Every structure is written in structure tokens, then in C-alpha cells.
1. Can you pull out every residue in region 59-87 that is open to solvent by 60 Å² or more (accessible area, probe 1.4 Å), within 30 Å of Asp34 (Cα to Cα) and not hydrophobic (A, V, I, L, M, F, W, C)?
2. Does Ala48 fit the bill of being in a loop (DSSP other than H, G, I, E, B), open to solvent by less than 30 Å² (accessible area, probe 1.4 Å), closer than 26 Å to Asp298 by Cβ and not β-branched (Val, Ile, Thr)?
3. For the list (1) open to solvent by less than 10 Å² (accessible area, probe 1.4 Å); (2) small (Gly, Ala, Ser); (3) within 30 Å of Ile3 (Cα to Cα), I need the number of the one condition that Ala121 fails.
4. For region 5-43, name all the residues that are touching a Gly at 6+ places or on another chain (Cβ under 9 Å) and open to solvent by 30 Å² or more (accessible area, probe 1.4 Å).
5. Hey, among Lys286, Lys255, Lys315, Lys311, which residue is among the basic types (Lys, Arg) and free of Cβ contacts under 8 Å to residues at least 24 places away in the same chain?
6. Of all residues in region 250-270 being modelled with pLDDT under 95 and in contact with a Leu (Cβ under 7 Å, 6 or more places away or on another chain), which is farthest from His102 (Cα to Cα)?
7. From (1) of a type outside the set (Asp, Glu); (2) under 23 Å from Cys199 (Cβ atoms); (3) not assigned by TED's automatic domain parsing to the domain that holds Leu24, pick out the condition that doesn't hold for Tyr238.
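The values are calculated or read from the model by the stated rules, or taken from the named source; none is laboratory data. What you see is a predicted model, and the numbers here were worked out from it, not measured in a lab. Note that each Cβ is placed from the backbone with ideal geometry, even for glycine, and that neighbours are counted across all protein chains shown. Note: areas computed on protein heavy atoms with side chains; ligands, DNA, RNA excluded. Shrake-Rupley method; radii C 1.70, N 1.55, O 1.52, S 1.80 Å.
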Amino acid sequence: MEIVVDTISLRVPAGQTAVLVKNLYLSRDPWMRDRMSKHDDSDPTVLAPDFVIGEAMVNLSVGKVIDSTHPDFTAGDLVWGMTGWEEYTLVMEPESLKKINHTELPLSYYTGVLGMPGLTAYACFFEVGKPKKGDFVFVSAASGAVGQLVGQLAKIAGCYVVGSAGSDEKVSLLKTKFGFDDAFNYKSETDLGATLKRCFPDGIDIYFDSVGGATLDAVLLQMRHGGRIAVCGMISQYNLEQPYGLRNLYCIIAKAIRVEGFYFTFYMHVYARFEEEMACYIKDGKVTVVEDVVEGIDSAPAALIGLFSGKNVGKQLVAIACKGMS
């Protein structure tokens, strides 16, 4: 990766219907890794096009409208949506942007708890997981941007929740700050199956999967009859040349387990409901937010790479212009 310095006009070019956004916060998310690989155009598993070498990478961000020729946006509007890894982005499809409604909350929250990770946690858990009061819920990558919210939403729904994370510090956060009933450091456990059996002696009703691989394989053996597995990510697989081969898939039949994948764009129709509900949870103190913020666009590459070794605690984002916002 390289940083390219250039100059731009702070006006939308004449004749174009677009919005010029000054980026304030850039999100860092594991799904970006998949777009850094070369895919066959006919591959049905590709959810978004590959990044183009030589062009700015893109991801979700929070920004301020500097200029607009689109009737729905005016200079000064605060928005979130897909922009470049850059200080300013000319958004040619402004319909993809969403105005920020709760400016009384930190704007950075719209890269996380009130943005894509928050919607992912909310919609994937409630729409796919279908929780019932008293359900036993396991959350992998539980200290990340999505996992920390899933656990708290599960507690609000009256579930028993256990999370896994990659350090003792993160395990402590899950239990003391996010309200998980129990948690464990998967790097310290020599037998994941035995650990899950210890944490869930009566089995698991809902598994919120963000890692895939060996963890998913071990969970399948511990699922209860009629259990649900909501799959929103497979971070353990993204850097592998040869994906992990699951061995316990027969459990899906024997235990009548429902396994369903999730991609947040399929659930944008619930965003308005989610935003209001989550904003209330935050204001009422029912949801706690932890962010991992680095300063400056020069820090962006290392912040992304750090996601895959678990260096972040909470939502990883880059502050580009959080002071002044002018």
C-alpha cells in the first residue's frame, strides 16, 4: 500500500450529480480482505468487486458534505456510507449515503454500533438467530465490533451468553464491561470441544459465527436440537490458501440445525428501526461501546492488518479529521 498526495477542487464538477464528502472517520473491517484477492468474475460467492490496483481502497466511513448537486444533500450534512481511503471522496452515487440522525452521539459510532457492524449484529442475531428468552448463545470473535454488540443484545433478549476472544484482557472485558455470562481465551484452550462442553453443559441454541473453520466444526458437535447458526464472517479462513475442511456437517441433519449466512446489504430495510432502537439502548446505558481508534490516514494499512492478529479491542477505525470538521 502507498499514500498518494494530490490536490482536488472542493466543488462537484460541473454537469455531474454527486456529493463531495470530507471523510472524518474511516472504518476498518475484515471483509475488506476478501476484496484484496483476485476473483473469477463468474464466482457466485463474490459479494463485492475486487479492489482495483492503483485506485483508492473503499470502505464505510463517516463524513461531512462539502458540496452537493444532489437534491437530497446540502453542504454541512453529516453522512455515513461507502467512500475511499482518502481525505475527500466524490460520491457519484449519493443514494448510497445515509444522513446521520443522532448527532448528539459520537459521530464515530456510525462506523460501528450505529453503522454496518451494528446493523450486522442486530439483524443477524434477531432476524437469523431468532432468539428466545433463556436460549444459550455462543459468540466467537466476541470482543470485536460485531461480537461485543451481539453479546449485549443477547443479554437484553434474556439469553445466557458466552464469548470467545484471543487474549485474557479481552476475556475480562467481555465479562466486566459487556456483561457476558462467561468467556474464554481460545488461544489458551487445548481442546475447544471440551471448553464448549464446560461452558454449555446443556448445549448451544444459537451460535453467532464470525470465524468459521475449526471453531465452527467444534460448535456443531455442541449444538442442541433445533439450534440456529448465524454466519456473518469467517475471519480464520480469509488468509488461507487452502480453506479448512469441516468434518461435523452431519450434525446439521441429526440435530435439525439451521445454518444461515448473512450479508448486511440484504437487511438495509430494517436500518431505520435498528438505528432508533440501538440509539435508545446506548442512551439508556444498556449497550456499552468500545472503540479502537488510530489517528491519520498513514495509520490505516497497519490498522487493517492488525485485525487479523487480534490487535484491536472493539471497533477499529481511523480518525482522519475529527477536530474542527470544517
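1. Applying the first criterion (open to solvent by 60 Å² or more (accessible area, probe 1.4 Å)) to region 59-87 yields 69, 71-72, 74-75, 82, 87.
Then drop every residue that is not within 30 Å of Asp34 (Cα to Cα), which leaves 82, 87.
Hit for region 59-87 is Glu87, nothing else.
2. Details: in a loop (DSSP other than H, G, I, E, B): yes; open to solvent by less than 30 Å² (accessible area, probe 1.4 Å): yes; closer than 26 Å to Asp298 by Cβ: yes; not β-branched (Val, Ile, Thr): yes.
It is true that Ala48 is in a loop (DSSP other than H, G, I, E, B), open to solvent by less than 30 Å² (accessible area, probe 1.4 Å), closer than 26 Å to Asp298 by Cβ and not β-branched (Val, Ile, Thr).
3. With respect to (1) open to solvent by less than 10 Å² (accessible area, probe 1.4 Å); (2) small (Gly, Ala, Ser); (3) within 30 Å of Ile3 (Cα to Cα), Ala121 is out only on (3).
4. Within region 5-43, Lys22, Tyr25, Pro30, Trp31 meet the criteria.
5. Numbers: Lys286 fails: free of Cβ contacts under 8 Å to residues at least 24 places away in the same chain; Lys255 fails: free of Cβ contacts under 8 Å to residues at least 24 places away in the same chain; Lys315 fails: free of Cβ contacts under 8 Å to residues at least 24 places away in the same chain.
The unique qualifying residue is Lys311.
6. Tyr263
7. (2) is the only condition that Tyr238 fails.
Yes/no per residue for (1) open to solvent by 40 Å² or more (accessible area, probe 1.4 Å); (2) in a helix (DSSP H, G or I):
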| position | (1), (2) |
| --- | --- |
| Thr190 | yes, no |
| Arg198 | yes, yes |
| Asp217 | no, yes |
| Met234 | yes, no |
| Tyr244 | yes, no |
| Cys251 | no, yes |
| Glu260 | yes, no |
